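Presented below is the structure to which this report refers.
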Amino acid sequence: MHPLRSFRAALTPLLACATLGAGAQTLGDSALEALYVAERPAELQRVAQQRLASQPDDAQAVLALALAALERNDAALRRDALDKARGCAERQPKAQPCHYAHGVLLGVHAMSEGLFAAARSAGTVREALATAHALEPAWYPGRGALVEFYALAPGMMGGSLDKAGELARSAPRPEQAAALQARVMMAGKNAAEALPRLQALLPVAEPALRADVLEWGTQAGLMLVNDGQAAKAQAWFERLMREHADESAGPYGLSRVKGELGDWPAALALLERSAKLKGAERWPIGYRSGIAQQQLGQLDAARASLQRFVDAGKGQKAALEDAKKRLAQLGPR
């Protein structure tokens, strides 16, 4: 489960500092953790708000509300959760969950406000995440969030690959260190070395760390596709399809590989499969389907797919612009 996928997907030059997971669990409260693991964000929100109504400085409830707000991608709820996390951190300087929630929520909120707001908030985000890590260095989410901040923020905003690497190497468990080091490699544009390391970590039993391994491995695979090294990513996506058959990431990633290798019939079939699976909304399936259909000479279908993608108005700016260009080239039906 990755409640901050939307944060990572919206990477800016500031950061993508939202690693979630824990050595044992993310939330220290077993009742809240059960709702989180069961992927019930609405119920998690309700319980957290009830607890905060009677005890505003309930640090575990503050963190639970933050996770629910991020999972639900609700701007109003996110602002409310940010206010509560900031207040809790100010009133309880030793409450590590509040500092962590403050840093992550502020990063998401600032990015939603634009690059200037993100740059203006970078120092506060870094300070909150550094405080959370210092208060509980063994807590995996706190370390992971700070690693991603250092790895992805520009130097003028406090980023440093050297700091990220040092923090990754000093993780208390070897599998955590290996995963975080691979993440730093990706930030250094070395996906070809990072992906095999992540693939070797897939057997880890720790659910939250495994979620990060799956997320980062998928990112690394797509980086390789975009860099013209699609064949190096094929084994990763094939394994995802075998071991996570209900998830869309495997067939979507493999469709990208097949397309880059020129097997457009397979690419289109995999996109159709991905569209029916969990997490399909993460991917620009309509855009990629339109390209595959165009390559196969299915021009009417390509127009329809690309038009749906453009009309939805979601996706990266470059993909939307390319889809519009392709529609113009295809002309009217």
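The values are calculated or read from the model by the stated rules, or taken from the named source; none is laboratory data. Fair warning: this is a prediction, and the values are worked out from it, not measured in the lab. As a convention, Cβ positions derive from the backbone with ideal geometry for all residues, glycine included, and neighbour counts pool all protein chains shown. Just so you know, the surface numbers come from the protein's heavy atoms only, side chains and all, with ligands and any DNA or RNA stripped out. Shrake-Rupley method; radii C 1.70, N 1.55, O 1.52, S 1.80 Å.
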Considering only protein heavy atoms, with the full assembly of protein chains and a 1.4 angstrom probe, order 225, 47 by accessible area, largest first. 47, 225
Diffing the range 142-159: the Karplus 3J(HN,Hα) column from phi (6.51, -1.76, 1.60, θ = phi - 60°), in whole Hz with x for Gly and Pro, holds x, 5, x, 5, 5, 4, 5, 4, 4, 6, 10, 6, x, x, 5, 9, x, x
For the chain, what is the mean residue ellipticity at 222 nm derived from helices alone (per DSSP H run of n ≥ 4: -39500 (n - 2.57); sum divided by total residues; nearest 500 deg cm²/dmol)? -22500 deg cm²/dmol
All other residues with a Cβ under 13 Å from the Cβ of residue 293 taken together, and with Lys, Arg as +1 and Asp, Glu as -1, what is their net charge? +2
Two pseudo-spin positions, 7 Å from Cα along C-beta at residue 226 and at residue 79, lie apart in nanometres by 3.1 nm
Residues other than residue 130 with Cβ under 11 Å of its Cβ, Lys/Arg counted +1 and Asp/Glu -1, net out at +2
Which entries of 278/314; 163/317; 232/324; 84/163; 163/189 show an alpha-carbon separation above 20 angstrom in the structure shown? 163/317; 232/324; 84/163
On a 0 to 90 degree scale, rounded to 10, what angle separates helix 285-295 from the longest Cα axis of the chain? 20 degrees
Using the alpha-carbon atoms, what tilt in degrees (0 to 90, nearest 10) does helix 191-200 show relative to the longest principal axis of the chain? 70 degrees
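Looking at the range 181-226, which trypsin sites (Lys or Arg not before Pro) are in a loop (DSSP not H, G, I, E or B) and have at most 12 other Cβ atoms within 10 Å?
189
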In nm, give the distance between the simple-model label positions of residue 160 and residue 325, each being 7 Å from the Cα along the Cα-to-Cβ direction. 4.0 nm
Compute the relative contact order of the chain as a whole-number percentage, counting only Cα pairs closer than 8 Å that sit 6 or more residues apart in sequence. 11 percent
Excluding residues fewer than 8 positions from residue 276 in its own chain, the aspartates and glutamates with Cα under 16 Å of it are 246, 247
Pop a pseudo-label 7 angstrom from the Cα along the beta-carbon direction at both residue 115 and residue 90 and give the gap in nm to one decimal. 3.1 nm
Expressed as a whole number of Å, what is the distance separating the alpha-carbon centroids of the range 258-319 and the range 173-222? 27 Å
